[in-house]
Amino acid sequence: MKRVVLKKGREFSVAARRHPWIFSGALEPTDAGAEMVEVFAAGGERLGAGFHSPNSQIRVRMMPEAPVADLVAAAVGRRADFFANAATDAFRLVNAENDQLPGVVADFYAGWVVCQFTSAGAEHFKGEIASALMKFVPFCRGVAERSDVEARGKEGLSVGEGDAAFAVLAGEEPPDLVEIGEGPCKYLVDVRKGHKTGFYLDQRDARAAVGSLANGADVLNCFAYTGGFGLVARACGALSVVQVDVSADALALAKKNEALQHFCGTKTEYVEADVFQYLRSCRDEGRTFDMVVLDPPKFAATKSQVMKAARGYKDINLLAMKLLRPNGILATFSCSGAMTADLFDKVVAEAASDAGRDFQVVARTRQGADHPVALAFPEGWYLKGLVLRGV
Ligand code: SAH
């Protein structure tokens with residue numbers, strides 16, 4: 001292994017905090033390429049090993065010095081409770097830095113594994129990782145990759161487009177739509193073209209929280225994607241659901257998903273619209289709901305976009321609060337990593353203040369236990385949720 005050396009005084013983050021990233025500015029020049037390297041402090045102390053990515057601002061990602069297959073086996077082993085849990089057959093197997101496999105995401109969908117490799121190291125090891133997943137994941141039928149992830153570009157990796165972004169790495173080819181079960185519902189997952197690896201697995205606990213409060217409610221599910229929150233609400237006794245999304249493809253799959261549940265009656269309305277405009281039109285028409293779910297896409301990709309994002313979050317939360325009937329529930333989320341939980345609380349509180357309404361927090365949600373966060377890697381906390389009840 002080549003050696004890389006940190007600049008004087010730059011060892012604290014890796015050595016004391018055990019943070020897995022070394023930024024380009026912290027390293028002395030090196031001729032190392034995309035390869036495993038040994039990392040030394042300026043004073044000569046060996047700090048461990050990591051994968052060197054010559055094209056990335058995150059120049060080295062620290063990794064345990066163990067065979068990658070062992071790291072995969074360990075991550076899969078930590079999900080034993082999920083494999084044993086009859087309530088769901090879809091969950092995350094490998095959560096990147098948080099599972100000591102930087103840049104590696106692997107999600108399990110009822111026997112099919114879909115991966116994303118977003119760092120040079122992940123790309124380098126992907127063959128080994130796919131074989132290890134095939135070997136260690138119980139009931140594994142095939143392992144595929146989605147390469148249409150923007151983050152790959154920052155590492156100098158190719159960003160796949162369309163059909164070319166999907167490749168089978170091991171085992172069989174999955175069907176176009178994979179059927180999964182989660183809680184009271186079934187869903188079809190488009191593993192080739194769906195968002196992320198196909199489904200928002202990270203919102204499992206939040207879907208359960210929403211379901212637990214939905215009995216008898218008229219529900220507005222904003223940013224519905226393939227229907228998740230709205231379907232759980234229906235399954236848990238909601239009287240009606242409006243599913244709003246700007247994507248016709250997402251709503252088409254949401255309709256297929258509804259057909260899978262065998263609900264009685266037709267109490268779901270599908271609205272292809274921009275949520276910002278739709279909320280205003282509800283306000284103007286005086287339409288009200290018992291429950292509103294706001295699960296928007298990432299508004300802030302970087303720290304510099306946080307203030308603009310905060311205005312967007314405040315806008316939709318304020319509008320949603322105004323549509324709530326007395327004692328109504330607002331389930332509101334932010335998946336922008338750059339927006340801290342504290343700031344999100346403040347933004348939602350400001351919206352309530354502007355709406356002139358009081359709320360109590362009945363639950364806080366985050367990504368589930370299959371998306372663990374390494375203690376030394378606070379960047380891993382990206383998803384925040386507040387379930388509020390009007391008082
Ligand atoms: N709640 C979903 C995930 C939401 S992902 C679940 O649990 O599965 C965000 C969704 O917002 C995407 O489906 C995207 O099409 C939609 N979207 C993005 N901007 C939008 C806008 N301005 N108006 C309506 N939908 C939007």
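For residues that are touching a residue at least 40 places away in the same chain (Cβ under 8 Å) and of a type outside the set (Val, Ile, Thr), scanning just segment 283-297, find the one that is farthest from the ligand (Cβ to nearest atom).
Taking the candidates together, the pick is ASP290.
Exactly one of (1) closer than 24 Å to VAL241 by Cβ; (2) more than 15 Å from the ligand (Cβ to nearest atom); (3) of a type outside the set (Asp, Glu); (4) without any contact (Cβ under 8 Å) to a residue 40 or more places away in the chain is unmet by PRO326. Its number?
For PRO326, the exception is condition (4).
For GLU258, work out the one condition from (1) surrounded by 14 or more Cβ atoms within 10 Å (Cβ to Cβ); (2) farther than 21 Å from CYS185 by Cβ; (3) not hydrophobic (A, V, I, L, M, F, W, C) it doesn't fulfil.
For GLU258, the failing item is (2).
Quick check: anything in segment 154-163 crowded, with 19+ Cβ neighbours inside 10 Å and not polar (S, T, N, Q)?
Within segment 154-163, one or more residues are crowded, with 19+ Cβ neighbours inside 10 Å and not polar (S, T, N, Q).
Conditions (1) within 9 Å of the ligand (Cβ to nearest atom); (2) of a type in the set (Asp, Glu); (3) in contact (Cβ under 8 Å) with a residue 12 or more places away in the chain; (4) in a helix (DSSP H, G or I), marked per residue:
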residue	(1), (2), (3), (4)
ARG234	no, no, yes, yes
ALA238	no, no, yes, no
LEU253	no, no, yes, yes
GLU258	no, yes, yes, yes
THR266	no, no, no, no
TYR270	no, no, yes, no
PHE276	yes, no, yes, yes
SER281	no, no, no, yes
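Return the pair list, or none, for Cβ contacts closer than 6 Å from residues in segment 173-199 that are touching a residue at least 60 places away in the same chain (Cβ under 8 Å) and β-branched (Val, Ile, Thr) to residues that are more than 12 Å from the ligand (Cβ to nearest atom) and outside any strand (DSSP E or B), at least 6 apart or on different chains.
Close Cβ pairs satisfying both conditions: VAL178/ALA110; VAL178/VAL191; ILE180/ASP89; ILE180/ALA110; VAL191/PRO174.
Please state which one of ALA349, ALA338, ALA300 is part of a loop (DSSP other than H, G, I, E, B) and either away from the ligand (no atom under 16 Å from the Cβ) or surrounded by fewer than 16 Cβ atoms within 10 Å (Cβ to Cβ) (or both).
ALA338
Only helices (runs of 4 or more DSSP H) wholly contained in segment 120-224 count here; list those with 1 or more residues that are within 16 Å of the ligand (Cβ to nearest atom).
Because the criterion is at least 1 residues that are within 16 Å of the ligand (Cβ to nearest atom), the helices (runs of 4 or more DSSP H) in segment 120-224 that meet it are 204-212.
One line per residue, one yes/no per condition, for (1) at pLDDT below 95; (2) touching a strand residue (DSSP E or B) at 6+ places or on another chain (Cβ under 7 Å); (3) of a type in the set (A, V, I, L, M, F, W, C):
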site: LYS8; (1), (2), (3): no, no, no
site: GLU11; (1), (2), (3): yes, yes, no
site: TRP21; (1), (2), (3): no, yes, yes
site: GLY25; (1), (2), (3): no, no, no
site: HIS52; (1), (2), (3): no, yes, no
site: ALA69; (1), (2), (3): no, no, yes
site: VAL72; (1), (2), (3): no, yes, yes
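Could you check segment 238-286 and list, in sequence order, the residues that are acidic (Asp, Glu), in contact with a Ser or Thr (Cβ under 8 Å, 6 or more places away or on another chain) and under 25 Å from ALA208 (Cβ atoms)?
GLU258, GLU269
Might you let me know whether segment 77-95 holds any residue that is basic (Lys, Arg), closer than 17 Å to ALA122 by Cβ and modelled with pLDDT of 95 or more?
Yes, some residue in segment 77-95 is basic (Lys, Arg), closer than 17 Å to ALA122 by Cβ and modelled with pLDDT of 95 or more.
Filtering segment 240-249 down to residues that are within 16 Å of the ligand (Cβ to nearest atom) and surrounded by fewer than 21 Cβ atoms within 10 Å (Cβ to Cβ), which residue is nearest to SER281 (Cα to Cα)?
VAL246
Does CYS185 fit the bill of being under 26 Å from ASN95 (Cα atoms) and surrounded by 15 or more Cβ atoms within 10 Å (Cβ to Cβ)?
Against the criterion (under 26 Å from ASN95 (Cα atoms) and surrounded by 15 or more Cβ atoms within 10 Å (Cβ to Cβ)), CYS185 qualifies.
The values are calculated or read from the model by the stated rules, or taken from the named source; none is laboratory data. Nothing here was measured: the structure is a model prediction, and the numbers come from that model. Heads up, the Cβs are rebuilt from the backbone with ideal geometry, glycines too, and the neighbour counts pull from every protein chain shown.
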